[in-house]
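Engineer: Sharing a structure, written as structure tokens. Questions coming.
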Amino acid sequence: MNRPEPIQVVKQRRDAALRALIDGVPYIRFLGIAFDRRGDELTGVLHYDDKLIGNPALPALHGGVTAAFLEVTAIVTLSWAMLWDDLEAGRLEPEGLTFDTLPRLPKTIDFSVDYLRSGLPRDAYARARVNRSGRRYASVHVEGWQDNRDRLFAQATGHFLMPPRA
């Protein structure tokens, strides 16, 4: 019987795949979005920056930034779900992972955002749930919050065209 891989090797492979996935999109870096990974679950983190304010009188996060944050979280979570099996089976090697070697990202068909309250000038968090993912189409629901997970400031539903699998 084969011995299981050391946990550090597994974590390094997972972290390298996630890093390759998000480092290839400059807009993610521009907005300051990071991802906290716990196993196969991702939490998007929008780090606060003054450039993200849309209404300085309140101040409140710009609605476009909120929508982009939720959409990025949905796309990265969907891509992460696609990669998970290859990653866990060891078919992806951490040394050779780049944005160019990973499968293409899903394309947005439509994305509908519900703004539930103003986004405050502080860090925001989001989690996406893949409702359905097939060979060609996926449906994802995303929830965004700031201080309290039960007090959402925005939520969204998106439909995506899935990239062809190799």
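The values are calculated or read from the model by the stated rules, or taken from the named source; none is laboratory data. All figures in this text were calculated on a predicted structure; none of them were measured in a lab. Here the Cβ is made from the backbone with ideal geometry for all residues, glycine too, and neighbour counts use every protein chain on show. Heavy atoms of the whole protein, side chains included, go into the accessibility calculation; ligands, DNA and RNA do not. Shrake-Rupley method; radii C 1.70, N 1.55, O 1.52, S 1.80 Å.
Engineer: In region 32-59, which residue that is surrounded by fewer than 19 Cβ atoms within 10 Å (Cβ to Cβ), of a type in the set (A, V, I, L, M, F, W, C) and over 14 Å from the mean Cα position of the chain (by Cα) is nearest to ARG129 (Cα to Cα)?
Structural biologist: ILE53
Engineer: Moving on to the next point. Quick one: what pairs do we get from region 101-122, first residue at negative phi and open to solvent by 70 Å² or more (accessible area, probe 1.4 Å), second assigned to a loop (DSSP other than H, G, I, E, B) and not polar (S, T, N, Q), C-beta under 7 Å, 6+ apart or different chains?
Structural biologist: Within 7 Å, the pairs are ARG104/PRO163; ARG122/TYR48.
Engineer: Answer yes or no: is there a residue in region 154-165 that is at pLDDT 95 or above and over 15 Å from the mean Cα position of the chain (by Cα).
Structural biologist: The answer is yes, given that some residue of region 154-165 is at pLDDT 95 or above and over 15 Å from the mean Cα position of the chain (by Cα).
Engineer: Listed residues VAL10, VAL72, VAL45, VAL65; which is β-branched (Val, Ile, Thr) and part of a strand (DSSP E or B)?
Structural biologist: Answer to the check: VAL45.
Engineer: Which numbered condition in (1) under 15 Å from the mean Cα position of the chain (by Cα); (2) aromatic (Phe, Trp, Tyr); (3) more than 16 Å from PHE35 (Cα to Cα); (4) surrounded by fewer than 17 Cβ atoms within 10 Å (Cβ to Cβ) is the only one that TRP84 fails?
Structural biologist: All conditions pass for TRP84, except number (3).
Engineer: Which one of these does ARG29 not meet: (1) open to solvent by 30 Å² or more (accessible area, probe 1.4 Å); (2) over 21 Å from GLY96 (Cβ atoms); (3) in contact (Cβ under 8 Å) with a residue 24 or more places away in the chain; (4) touching a helix residue (DSSP H, G or I) at 6+ places or on another chain (Cβ under 8 Å)?
Structural biologist: In the conditions (1) open to solvent by 30 Å² or more (accessible area, probe 1.4 Å); (2) over 21 Å from GLY96 (Cβ atoms); (3) in contact (Cβ under 8 Å) with a residue 24 or more places away in the chain; (4) touching a helix residue (DSSP H, G or I) at 6+ places or on another chain (Cβ under 8 Å), ARG29 misses (3) alone.
Engineer: Can you confirm whether TYR125 is open to solvent by 40 Å² or more (accessible area, probe 1.4 Å) and under 14 Å from the mean Cα position of the chain (by Cα)? Explain how you work it out, then say what you get.
Structural biologist: Details: open to solvent by 40 Å² or more (accessible area, probe 1.4 Å): yes; under 14 Å from the mean Cα position of the chain (by Cα): yes.
Judged against the criteria, TYR125 is a match.
Engineer: Also: May I ask you to list pairs of residues, at least six apart or on different chains, whose Cβ atoms are under 6 Å apart, with the first in region 39-59 being farther than 24 Å from LEU78 by Cβ and among the acidic types (Asp, Glu) and the second being open to solvent by less than 70 Å² (accessible area, probe 1.4 Å) and assigned to a loop (DSSP other than H, G, I, E, B)?
Structural biologist: These pairs meet every condition: ASP49/GLY32.
Engineer: Checking SER118 against (1) within 30 Å of ASN2 (Cα to Cα); (2) at pLDDT 90 or above, which single condition isn't satisfied?
Structural biologist: Every listed condition holds for SER118 apart from (1).
Engineer: Continuing with the same structure: Collect the residues in region 123-137 that are in a loop (DSSP other than H, G, I, E, B) and either touching a residue at least 60 places away in the same chain (Cβ under 8 Å) or of a type in the set (Lys, Arg) (or both), keeping them in residue-number order.
Structural biologist: Matches in region 123-137: ASP123, ARG135, ARG136.
Engineer: Please identify the pairs in which a residue from region 147-163 that is under 27 Å from ARG104 (Cα atoms) has its Cβ atom under 6 Å from the Cβ atom of a residue that is acidic (Asp, Glu), counting only partners at least 6 apart or on another chain.
Structural biologist: Going by the 6 Å Cβ cut-off, the qualifying pairs are GLN155/ASP114; GLN155/GLU143; HIS159/ASP110.
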